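Here's the structure, in structure tokens; my notes come after.
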Amino acid sequence: MNLTPPSDLPVLVAAAGAGWEPVALDVLGRRGSTATLQRRCVDVNDLVAATTTGLARVALVSAMLPGLDADTVAQLAKAGVGVVVVLDDASAASGDRLRRLGVRQLLTTDLAGLDDALREAVARAPDGTEPAAAVGPPSPPVGHARTIAVWGPAGAPGRTTVAAGIAAELAHRDRSTMLVDADPYGGAVAQHLGILDGASGLLAAARAANAGELDATRLADLARAVGSELRVLTGLPRPDRWPEVRSRTFDAVLEAARSLVDWVVLDTGFSLEGDLDDPFATGPQRNHMTLAAVSGADDVVVVGTADPVGLARLARGLVDLHDLAPEAAVTVVVNRTRSSLGWSERDIHAMVEGFVRARGVHFLPDDRAAADRALMAGRSLVETGDSALRRGVSVAVDAVVGEGRAAVAGRLRRRTTRAAR
């Protein structure tokens, strides 16, 4: 990051006709001023277009500029242009909203400290060697939610079944949990849990984040309650809606979720392909949600199937996952195991260990009856009663959460005692 701004700072001004604009133009036009006016922009589209020329280092913008949102701030940051926003409304709420958009330099309409603010914005602006600051609240302090990303390769290995099962099991253990459908190819969490509301919680949260209006309270209103401890943020209603969830807004959604509950479970897509290192990539990336979920999670649960095709895909997927997140805490779940395949759990375990050093390898039986019963009823495995599949998911959750048999037995005793009362 360039911490030494040049002596001449070319400035873009987008004041939207605000009363402070003549004062700013006077300051920028003075002889000997280190900041000079490069261009007056009529609207947000003109502002974004002007940044692509590379002739400006900082933008002085009105907080009331129509269209000023998180996506605009991200585009300016990507172009290496710092942002200073003038608060026409000096309320704390206005400042909080702008900070959620990613704005760090704020001024009141008297423009006190304008020169210093412009220099500071340039010093903070990325120069292409470091990523821009993420939109949304600061990183949560230690003690906020633990995040589990459920990922698996192509071929429908059962990611959503496992993700919903893990989330429901955590909620059953009195852990406040949010299940987020983050599949950019069109998730199925809503169908699995019988949520018939056609409105997408993820899209609504992304729109609120882009406007700087998303916090834990707003997210709680947008998520669907499934029982007392489980909230569900439903996913894309159609696969072609993925461009509406930009990278920065999705990051803000995750931050809000982490501040709302104790556990966040992310049902992701299958593809880990991306162009994060492509300097010419300017548009949204379809796989950003999956990449962000997997690379930023505290725990990654990798789901594969026990048949020859599924295991081959799992092996390649584990290699790709290691390349993306070599330090990830990985737990492997092999789904639909059955004796007719002729392989023992030891054989499959040895194969997995040949590709990744997993914290554990767990096996879920091919319990089609339990899976069909839950899916047809639109309920979680926990709600549909005891089954071999539900027990297998519970054992995997024990491993991820770090609970041993003594802790599980103690929890069951407490639950039985409460029921008896």
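A few points about this structure:
- Taken over region 18-47, the criterion of being β-branched (Val, Ile, Thr) and either touching a residue at least 40 places away in the same chain (Cβ under 8 Å) or surrounded by 17 or more Cβ atoms within 10 Å (Cβ to Cβ) (or both) is satisfied by 23, 27, 34, 44.
- Residues that are in contact (Cβ under 8 Å) with a residue 24 or more places away in the chain and open to solvent by 10 Å² or more (accessible area, probe 1.4 Å), drawn from region 74-95: 74, 75, 77, 78, 79, 80, 83, 87, 88, 89, 94
- Note on region 34-49: among residues that are outside any strand (DSSP E or B) and under 21 Å from residue 123 (Cβ atoms), the one that is modelled with the lowest pLDDT is 34.
- Scan of region 224-237 for residues that are within 15 Å of residue 263 (Cα to Cα) and within 15 Å of the chain's Cα centre (by Cα), ordered by number: 232, 233
- Within region 255-270, being part of a helix (DSSP H, G or I), open to solvent by 10 Å² or more (accessible area, probe 1.4 Å) and farther than 17 Å from residue 401 by Cα holds for 255, 259, 260.
- Of all residues in region 371-402, those being in a helix (DSSP H, G or I) and not small (Gly, Ala, Ser) number 13.
- If you go through region 167-203 and pick out every residue that is within 19 Å of the chain's Cα centre (by Cα) and open to solvent by less than 10 Å² (accessible area, probe 1.4 Å), you end up with 12.
- Scanning region 50-61 for residues that are small (Gly, Ala, Ser) and within 15 Å of residue 121 (Cβ to Cβ) yields 56, 59.
- Some residue of region 141-150 being closer than 19 Å to residue 393 by Cα, in contact (Cβ under 8 Å) with a residue 12 or more places away in the chain, crowded, with 21+ Cβ neighbours inside 10 Å and touching a helix residue (DSSP H, G or I) at 6+ places or on another chain (Cβ under 6 Å): yes
- Any hit, region 181-196, residues being in a strand (DSSP E or B) and touching a helix residue (DSSP H, G or I) at 6+ places or on another chain (Cβ under 6 Å): yes
The values are calculated or read from the model by the stated rules, or taken from the named source; none is laboratory data. Just so it is clear, the model here is predicted, and its values are computed rather than measured. Using ideal geometry, Cβ is built from the backbone for each residue, glycine included, and neighbour counts are taken over all protein chains shown. Surface areas here come from the heavy atoms of the whole protein model, side chains and all, with no ligands, DNA or RNA. Shrake-Rupley method; radii C 1.70, N 1.55, O 1.52, S 1.80 Å.
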